[in-house]
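What follows is a single structure, written as structure tokens, with notes after it.
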């Protein structure tokens, strides 16, 4: 592996203090290395000409005769004198500028006469010797690889980093290309973004590179201290034309409630990049600001402490992080139906308590909601055709986040991290569906993998034990979900009028939430309405877009069918204005619409399933066939019956509290934090291994 030397190149102007980090790291390498340093001012041409449109300029106080004025020039002279065989320094004559950054990066290439591993390392981009050694091994073991992409920890303050991906400073389409397999004759044809073209005209960065996820899995995420000193902000404010950059940056440093959006402070940022304190992440900063200056290395300096002799000492520690809880937001990529509402509300509850700093929400294709206080991490969407790779990805993330526990909003799993499974229902098992379909095999695997299963009802818990008798009872608990007290309340007269006008509702209507002509049994309502002597005086509002339900209803009854995909505010209005909610589903895990309706003072008529009776109790009328449902629809319109059902419903929903639900989850989470629970034995999966690559 020693046949491939490492060559680094750095273009620099006023690189203090970070330029001083790299030499100590390079000295630790056991691989032949050479560092090419190109110093000076680059004219705002070619790749950086866009700065001129922003008002970018090169005032004299930024440089001294075209070179650094902060001590960098003197330091580089000393460095080259100390390491003449390993360091090459490239400069223009005093007073001259480089013809853009492209000329700077091309300056060393003619001096490289053999194949090397070429790395771009800006003065404020910090790597460890161990990382470069790993990267070198990867290139040596994979001679077909032409380059490598990387993620980075992007600092926007001494203690602040970006926690988001696929946005500013983490756009995988062009960030970060930092390593190439260089062969003589290759040239840079662009610097922003960097494009290295070989003698055949091939873009080495796109030819056959290591991907972001391959390098991340190998631990190759570097630290980029881009916006951490006032000098950096002043330079970018003038060179790039970032108006009021220093002022806005100072406002960000004074912020004390996180996460926040970077664009609220940096107006040149247009996307949803998120800023959070570095202390929330499993990361040891390689640069640490102290009262006396900056300290570099793999340890973090704590404030000075007094020794027994009264002497001031500095304590150095390695990374310490309270174990995190990784939650896969995979379901948010689906329709935002009941399950999505459940998880959003749980996350909102946890964001108000002690768990907020431990939770990491995995955002699949940027579909998860932004919840103040909850950190999100962007990851690719779920690929049903390659579940093993998805499990490997999740396990890699759990390791990076030092996760004590993994939870999924649906049925995804890692490879070995303990998992808590939220089990909603046993519908496919109960109704005899084909359990060999990939989706249901994934559910089975998640059940068998889980260290703890939380069922949303006693009904689901009982069915789980019926279909999976080998699951230990101690491993299963029922924690009822609840309704959102802020979102589901009786609508005002104004809201009702707006709802009726929007959907052109001109008749009293019965409400079907999420109706389908299968086990949801939507046809039962229409069969009952067909028995009405005055059936045409009633309409039916069907939420969702199942056209089959509307067609069946019109053909069966001739009634007016209203339909639409409703927002939560509209759904509250639909509940409030309905004659009743009709919930004919043959089987449910819980039946969230039942308590949402009761919260909106909407009477309920339901099929007498075990879940419906568990949730609604005596606060509903029950019917199982068209005739009895017809009777119930007549009964629910009587004023005395309506008053009784609404009163019972108000009392019933008091049993369902998101605060209590979140607290019960929190108690379960505590079992997975070793520091809090001694020697509790968990069901782990250490016999599973990550697939190669």
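The values are calculated or read from the model by the stated rules, or taken from the named source; none is laboratory data. Model, not experiment: these values are computed from the prediction. Cβ sites come from the backbone with ideal geometry, for glycine too, and all protein chains shown count toward neighbours.
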Strands (runs of 3 or more DSSP E) completely within the stretch 145-191 that count 3 or more residues being in contact (Cβ under 8 Å) with a residue 40 or more places away in the chain and farther than 14 Å from residue 203 by Cβ:
152-157, 160-162
Just give me the residues in the stretch 434-472 being surrounded by 15 or more Cβ atoms within 10 Å (Cβ to Cβ) and in a loop (DSSP other than H, G, I, E, B), in sequence order.
450, 451, 456, 457, 468, 471
What is the residue count in the stretch 190-209 for residues that are at positive phi and buried (at least 20 other Cβ atoms within 10 Å of the Cβ)?
0
What are the residues in the stretch 481-514 that are more than 30 Å from residue 455 (Cβ to Cβ), in a loop (DSSP other than H, G, I, E, B), out of contact with any strand residue (DSSP E or B) (no Cβ under 6 Å at 6 or more places or on another chain) and in contact (Cβ under 8 Å) with a residue 12 or more places away in the chain, if any?
490, 491, 504, 506, 508
Quick one: how many residues across the stretch 246-278 are at pLDDT 95 or above and within 23 Å of residue 358 (Cβ to Cβ)?
0
Among the residues of the stretch 437-457, what is the count of those that are out of contact with any strand residue (DSSP E or B) (no Cβ under 8 Å at 6 or more places or on another chain) and at pLDDT 90 or above?
7
Looking at the structure I just gave you, is residue 513 at pLDDT below 80, surrounded by 19 or more Cβ atoms within 10 Å (Cβ to Cβ) and more than 16 Å from residue 629 (Cα to Cα)?
no
Among the residues of the stretch 91-103, is there at least one that is at negative phi, outside any loop (DSSP other than H, G, I, E, B) and at pLDDT 95 or above?
no
Residues being part of a helix (DSSP H, G or I) and in contact with a strand residue (DSSP E or B) (Cβ under 9 Å, 6 or more places away or on another chain): count how many of those fall in the stretch 637-653.
4
